[in-house]
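Take a look at the structure below.
The values are calculated or read from the model by the stated rules, or taken from the named source; none is laboratory data. Keep in mind that what you see is a predicted model, and the values were worked out from it rather than measured. Using ideal geometry, Cβ is built from the backbone for each residue, glycine included, and neighbour counts are taken over all protein chains shown. Keep in mind that these areas ignore ligands, DNA and RNA; they rest on the heavy atoms of the full protein, side chains included. Shrake-Rupley method; radii C 1.70, N 1.55, O 1.52, S 1.80 Å.
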Amino acid sequence: MPSFEQQFQIAVQHFNAGRLQEAQAAGLELLKRKPRNSSLLQLLGEIARQTGEVSAAEDLFRRAIVNDAKDANAYFRLGTLLAHLGRRDDAIQVLESAVRVRPDFVDALCLLGDMFQDLGRESEARQHYDRALNVNPNLALAHFNLANDLLSKRQIEIAAQHYRQALRLKPDYWQAHVNLGLLRRAEGKFQQARDLFRQALSLRPDMTVVYCYLLDLMLSLGELSAIKAMSEEIHAVVKRCIANEQERDFAALMYLSPLLSVSKQDYHALSQKMDRLLSKGDSKRFIAPALPGKKLRIGYVSPDFGDHPISHVTLRVFGEHDRRQFEVIGYSISTRTGVTDRAYASQIQQSCDEFVDLSVLTVPQAAERIVADGVDILVNLSGYMCPQSLEIFALRPAPIQVYWLGQGGGLGLSFIDYVIADTVVVPPSEESEYREKVVRMPDLYHCTDTPPIPDVRQSRAEFGLDDSAFVFCAFNNSNKIDNEVFDVWMNILRRVPNSQIWLSNTGSDGALERNLRTEAQLRSVDPDRLVFASRLADKSLHFARHRLADLFLDTFVYTAATTAIDALWAGLPILTRPGETFFSRICATFLSNVGLGDMICASTREYEDRAVYFANNTALLAEVRERLARNLRTEPLFNLPRFVRNLETAYLAMWQRHVSGEVPVSLDVAKFTSAGE
C-alpha cells in the first residue's frame, strides 16, 4: 500500500494540474488516515476556495492552524482568503500571526503592506514593504508593492524606478509592465505605455483588461490603420469574453465598446454576463424601507470628483438642488491628489450637504455606509469607467438606483432601475432595448456649466494657426477619431484648399501628431495642415481659444459631450452627424437645445458638403454664430436651474412609485410638470 506521503503527492499533482475533483477525492481519503495533518487540511482548503466553497475553505484553514500553530503557511492561506472576502481586520490579525511565526515570511509581509495601503495606513504599509525588502533586497514583489505605495502618494518617478527594478529582477512580471504602462499613460508618454502593454500581453495574452488598455492607447495615438486591421481580432476577443466563463475582468471592454463599434447584440450579451457576475451577492439586506413625507436623500457616486469632465458639468448641480425637498451626499470612490483636482473636489464638497470618502472602505463597507446614511436615490455617475462603483451598486444599498452621465448609454444591469435620457439620445422606439427604465427629460439629459470666459487677446499664430486659413476645430478626445470620420475630414481639407484642422493632443511625446500626420499623408493631404492643441492648465484660456476657430467638426461613432458644451458656450458652432446609438447622438441633443437643429446632418455626405459650404460662405456661418450667441441665454441647454428642476421632478416621480409599492417604469418627465424657468 502506498505511503501517506506518496498518496499526498498524487493529490498535489492532481491539484497542480487543475484536476480539482480528483485532488479532493484523494485528499478526503487521506483525511481518514490523518485527520489532523496541517498540509492536507490546507490542500483541501485551497480546493474548496477555488471551487467557491469559501466557508468550507475557512474552516479547513482554521483546523490546520489548530493542529499546527507554528505552520506559517496555514495562517497565510487563511489571511489571503479573509482579505479576498473583504474581512480586512480579521485578515490582518491572521497575517500578523504568520509573520510572528516566521518573521521573514515575505509574501505575508507584502500582503499586509497591501492591506494597510488600501486602508490608508501608509506608514504601516511602508513598514511592511521595507521589512520584506530587508529580507530579500532583490524581491521583485516587494519592489512592485513599494512602487504601488509610492504611486498612491504621487511620488511618480520614484515609483517608476521601483517598477523598473521589479522588471530587472523578474522580466516576466507582467503586472509590473501593466502598472508602469498605466503610469506612463497618465504622464502622457503614450508610446512608452503602448510598448509596456504589448510586453505584458506577450506574457499574458489572455488578459482582456490589458488588451483594452492597449486598444484605448492605440485609439488615443491615432493608429487608425492598425485598429482597422485588428477588427477581426477585436471581434474574437469580444466573443471570447461572452463565451468563456473564466473571463471576469472585462469592464474596460464594455467601456470601449462604442469606440470599437461592438454590435448591440454583443454588448447586450456582455452586459448580461456582467450582471451575472456582479449580482451574486446577498443584496436584500441592504434595501431600506420607503418613508413618505420626508426630504429625499440623493447620493451621487463618482471616482471623478476632481479635474474631470463629469465634475466640470455637475459642479453646480449639487448646490442647485432645492434643500426644502432634497439632501445631497457626494460619495467619492477615488482619491484625486492634483492641485486642480483638489480645487474641484473642494467646491463639490461645499455644494453637498455631506461628502464621504469611500475610497478607504471595502465594497461591502461602502454599501453599508450608504445604507446607514439613509440614501433614497443613489446615482451612478461613472458606469463601466469604474467597476468598483458597480460592485457597490450590485449590493443594492439604496431602494432606487439610477445611472446618469458616465460614458452615456445604458448599463444593462438588473440592479440599476433607471437611466436618465431624452428623446434625441433614446427615441421612444428604442426604449425596449434598455434593461433600465428610461427616464426621458423634457429638454436634454445632460447638464452644463457656464464658467466665465476671460476677455483675453489671443492670436492664431501663438497656437500655430494661419491667420488667413479657414480653421476647422475638432477638440474631441483623440480616441473618438476613427477611419470614417478622418476620411471625411481629409476630404473636406482637400475640397477647401486654404483650410486647417485643429486637433486636441493630450500626449507629451508627439506620437499622436506623428501618427495622424502620417494618416493625412496617406490620404494625400499636407500633414502640416493638421495643427495640434496641447492641454492648457487654465481652462478659461481653453474656452477663449475656441474663438480663433471657425467651425467645430464632430466625430461620428462617439460624438462630443463636454467638449461640445465647451465649444458652444465659447460661441463656436458645431456640425454633427448622429448615428444609431446613444453615443452618436449626444451632440445632436445639445444642438437641438440651443436652437441649432439645422446643424444636425442627416448623412455623412451632407456633413461633408455643409462643412465645405460654410468654409466658402463665411457670411452665412457668421449668421449661425450670431444666432448661437443670442440663444445661449434663452434656450434650455445652458439653463442649469431649469435642468435641475426637471431632474428633481424625475427623482420625485421615481420615489412616488416606490412609496406606492409600484415597480419602476419608463417615465416622461414632461407629463408630471412643466419645466420651471
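Miscellaneous remarks
- Those residues of the range 50-100 which are open to solvent by less than 30 Å² (accessible area, probe 1.4 Å) and either in contact with a His (Cβ under 6 Å, 6 or more places away or on another chain) or polar (S, T, N, Q) (or both), in sequence order: SER97
- Residue match in the range 224-244 (condition: under 30 Å from ASP118 (Cα atoms) and surrounded by 19 or more Cβ atoms within 10 Å (Cβ to Cβ)): yes
- The residues of the range 626-677 that are open to solvent by less than 50 Å² (accessible area, probe 1.4 Å), over 22 Å from TYR434 (Cα atoms), outside any helix (DSSP H, G or I) and among the polar types (S, T, N, Q) amount to a single one, ASN639.
- Helices (runs of 4 or more DSSP H) enclosed by the range 88-137 - at least 1 residues per element that are in contact (Cβ under 8 Å) with a residue 40 or more places away in the chain, touching a helix residue (DSSP H, G or I) at 6+ places or on another chain (Cβ under 6 Å) and of a type in the set (D, E, K, R): 88-101
- Of all residues making up the range 484-502, the number that are open to solvent by 10 Å² or more (accessible area, probe 1.4 Å), free of Cβ contacts under 8 Å to residues at least 40 places away in the same chain and part of a helix (DSSP H, G or I): 2
Residue-wise test of (1) within 23 Å of the chain's Cα centre (by Cα); (2) closer than 20 Å to ALA140 by Cβ.
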residue: LEU167; (1), (2): no, yes
residue: PRO171; (1), (2): no, yes
residue: VAL178; (1), (2): yes, yes
residue: ARG184; (1), (2): yes, yes
residue: PRO205; (1), (2): yes, no
residue: THR208; (1), (2): yes, no
residue: LEU221; (1), (2): yes, no
residue: GLU232; (1), (2): no, no
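- Residue match in the range 346-364 (condition: in contact (Cβ under 8 Å) with a residue 60 or more places away in the chain, in a strand (DSSP E or B) and open to solvent by less than 50 Å² (accessible area, probe 1.4 Å)): no
- Scan of the range 503-523 for residues that are open to solvent by 10 Å² or more (accessible area, probe 1.4 Å), small (Gly, Ala, Ser) and modelled with pLDDT of 95 or more, ordered by number: SER504
- Within the range 68-109, the set of residues being over 36 Å from the mean Cα position of the chain (by Cα) and of a type in the set (Ser, Thr, Tyr) comprises SER97 only.
- In the set LEU40, LEU28, LEU44, only one residue is aliphatic (A, V, I, L, M), more than 28 Å from ALA132 (Cβ to Cβ) and open to solvent by 60 Å² or more (accessible area, probe 1.4 Å); that residue is LEU28.
- Taking the criterion of being in a loop (DSSP other than H, G, I, E, B) and either touching a strand residue (DSSP E or B) at 6+ places or on another chain (Cβ under 6 Å) or farther than 17 Å from MET218 by Cβ (or both), the residues of the range 158-199 that qualify are LYS170, PRO171, ASP172, TYR173, GLU187.
- Qualifying residue in the range 122-133 (condition: of a type in the set (Ser, Thr, Tyr), surrounded by fewer than 23 Cβ atoms within 10 Å (Cβ to Cβ) and closer than 30 Å to GLY510 by Cβ): no
- Residue among SER540, SER504 that alone is under 17 Å from ALA567 (Cβ atoms) and touching a strand residue (DSSP E or B) at 6+ places or on another chain (Cβ under 8 Å): SER504
- Residue list for the range 380-399, filter: surrounded by fewer than 23 Cβ atoms within 10 Å (Cβ to Cβ) and outside any loop (DSSP other than H, G, I, E, B): MET385, PRO387, GLN388, GLU391
- Filtered residue count, the range 114-141, keeping only those that are touching a Lys or Arg at 6+ places or on another chain (Cβ under 8 Å) and over 19 Å from LYS170 (Cα atoms): 4
- A count restricted to the range 400-426 and to residues that are aromatic (Phe, Trp, Tyr), closer than 17 Å to ALA367 by Cα and not in a loop (DSSP other than H, G, I, E, B) stands at 1.
- Filtering the range 586-625 to residues that are open to solvent by less than 10 Å² (accessible area, probe 1.4 Å), out of contact with any Ser or Thr (no Cβ under 6 Å at 6 or more places or on another chain) and within 25 Å of ALA670 (Cβ to Cβ) leaves THR589, PHE590, LEU591, VAL594, LEU596, MET599.
- Among (1) modelled with pLDDT of 95 or more; (2) touching a helix residue (DSSP H, G or I) at 6+ places or on another chain (Cβ under 8 Å), the one test that PRO451 misses: (1)
- Within the range 625-638, considering residues that are touching a residue at least 40 places away in the same chain (Cβ under 8 Å) and out of contact with any Phe, Trp or Tyr (no Cβ under 8 Å at 6 or more places or on another chain), the one nearest to VAL375 (Cα to Cα): GLU635
- Within the range 429-478, the set of residues being without any contact (Cβ under 8 Å) to a residue 12 or more places away in the chain, more than 16 Å from ILE501 (Cα to Cα) and in a helix (DSSP H, G or I) comprises SER429, GLU430, SER432.
- Any hit, the range 208-221, residues being in a helix (DSSP H, G or I), under 30 Å from GLU245 (Cβ atoms) and open to solvent by 70 Å² or more (accessible area, probe 1.4 Å): yes
- All positions within the range 306-324 that are assigned to a helix (DSSP H, G or I) and of a type in the set (Gly, Ala, Ser): SER311, GLY319
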